Amino acid sequence: MASRWWRWRRGCSWRPAGRSSGPGSPGGVGPRAAADARAQMPYFHFVKRLTSAFPNVYSISRFHHTTPAACCHSKTRSGEKYTDPFKLGWRDLKGLYEDIRKELLISTTELKEMSEYYFDGKGKAFRPIIVVLMARACNIHHNNSRDVQASQRSIALIAEMIHTASLVHDDVIDDASSRRGKHTVNKIWGEKKAVLAGDLILSAASIALARIGNTTVISILTQVIEDLVRGEFLQLGSKQNEDERFAHYLEKTFKKTASLIANSCKAVSILGCPDPVVHEIAYQYGKNVGIAFQLIDDVLDFTSCSDQMGKPTSADLKLGLATGPVLFASQQFPEMNAMIMRRFNLPGDVDRARQYVLQSDGVQQTTYLAQRYCHEAIKEISKLRPSPERDALIQLSEIVLTRDK
């Protein structure tokens with residue numbers, strides 16, 4: 001009997017008494033047997049621990065997007081007037097992209113153009129913002145210093161460079177044609193040159209990292225590059241067992257997205273504060289926000305439009321990927337499991353799977369899980385001494401949930 005891993009969720013209004021008709025199925029299916037509904041089933045222990053830590057915190061009856069203002073507080077928890085986290089972070093990031101371009105010391109005109117292509121100032125700079133806010137929050141917590149060290153700012157640049165290099169490589173693997181509202185590097189210059197451009201950005205980031213001269217920080221951020229590769233390999237695979245499938249998905253999400261944020265936050269905390277407790281707070285905040293960020297990204301693949309996202313929607317299904325909304329939806333529509341295992345490669349699979357997701361509570365369930373991760377991030381960062389930067393990180397974790405692109 002299949003494990004009902006979706007029963008981990010507490011406090012949410014959805015209770016699947018039965019299964020509604022899916023696309024292509026003329027009638028519904030009656031309620032499952034009471035014994036089946038009451039059976040105790042195993043689930044991925046990490047999610048169990050996560051949800052049991054704060055039961056009934058959120059209750060969602062339907063998914064909806066709200067503006068950040070509706071979610072954020074008018075005053076920070078330290079009592080100071082609320083400041084936009086992005087404006088606060090940009091104080092330390094002036095000239096960010098110019099400084100990155102200086103790191104890309106390239107004589108060949110074409111390679112220079114390719115490597116600088118995404119450093120045009122049009123990205124969200126989400127990772128550098130988190131890094132400099134975390135640096136200030138940790139510095140203030142440690143010795144009330146309100147300055148960001150040059151080495152800490154360098155981590156922000158390096159994080160953005162590693163992230164961008166991974167995008168260039170991902171677009172080659174996925175054969176993507178658009179990102180951030182424009183053609184991808186591989187679409188313009190071809191796959192071989194795109195791979196080389198991504199490699200060059202990574203090498204420039206490695207040189208900048210070596211200049212910092214802290215072996216612990218170097219080790220932490222090289223772990224990120226390993227995680228990116230391992231995460232991509234995880235994405236290429238799949239699991240037959242439902243519990244293993246969801247664990248596989250969360251592990252891939254951590255390695256491909258959250259590891260960079262978590263370890264960059266830890267790196268700046270090490271550079272600014274000797275306390276290992278603070279290092280762990282920074283890491284846990286980054287990890288939880290990073291996972292939530294990707295969960296919402298997976299939701300937006302179903303609820304947003306291509307113009308908003310700057311890239312095609314339903315892209316994950318077309319790539320054969322089963323993300324959170326799909327995995328949750330498959331519990332209401334078990335016929336999706338066959339499509340998941342064949343990676344949606346038969347004609348009509350992508351459209352049918354999308355309809356199943358939209359008819360299910362997959363989007364709501366994934367959003368709810370993202371809320372839990374953000375709640376955990378807030379709990380961690382709240383352990384630091386109050387400061388505008390600490391409170392901006394709290395606000396940023398909330399903004400993650402309400403973004404629409």
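A few notes on this one:
- Packing-based ranking of 208-214, 298-304 yields 298-304, 208-214, ordered from highest to lowest mean Cβ neighbour count within 10 Å.
- Per residue, the average separation of C-alpha pairs within less than 8 Å and at least 6 apart gives segment 94-402 a relative contact order of 19 percent.
- Summing +1 for each Lys or Arg and -1 for each Asp or Glu among the other residues whose beta-carbon sits under 15 angstrom from that of R211 gives 0.
- Listed peptides 377-390, 91-104, 317-330 by packing density, highest first (mean Cβ within 10 Å): 317-330, 377-390, 91-104
- Applying a threshold of 21 Å to the alpha-carbon distances of K94/K124; K252/K287; K182/K266 flags K182/K266 as lying beyond it.
- Within straight-line cross-link reach of K239, aspartates and glutamates at Cα separation under 15 Å, skipping those fewer than 8 residues along the same chain: E251
- Rounded to 0.05, the FRET efficiency of the N143 and N214 pair, given R0 = 22 Å and the Cβ-Cβ distance, is 0.75.
- Percent carbon-and-sulfur accessible area, segment 334-405, ignoring ligands, DNA and RNA, probe 1.4 Å: 52 percent
- Charge-dipole axis of segment 94-402 as Lys and Arg at +1 and Asp and Glu at -1 on Cβ define it, positive-most pick from A150, S330, H163: A150
- Per-peptide packing, taken as the mean over residues of other Cβ atoms within 10 Å, places 351-364, 185-198 in the sequence 351-364, 185-198 from highest down.
- Å² per residue, accessible surface of segment 216-294 at 1.4 Å: 34 Å²
The values are calculated or read from the model by the stated rules, or taken from the named source; none is laboratory data. Just so you know, these numbers come straight off a predicted model, no measurement behind them. Positions of Cβ are generated from backbone atoms using ideal geometry, with glycine treated the same way; all protein chains shown enter the neighbour counts. The protein model used for the area step is the full one, side chains on, heavy atoms only, and it has no ligands, DNA or RNA in it. Shrake-Rupley method; radii C 1.70, N 1.55, O 1.52, S 1.80 Å.
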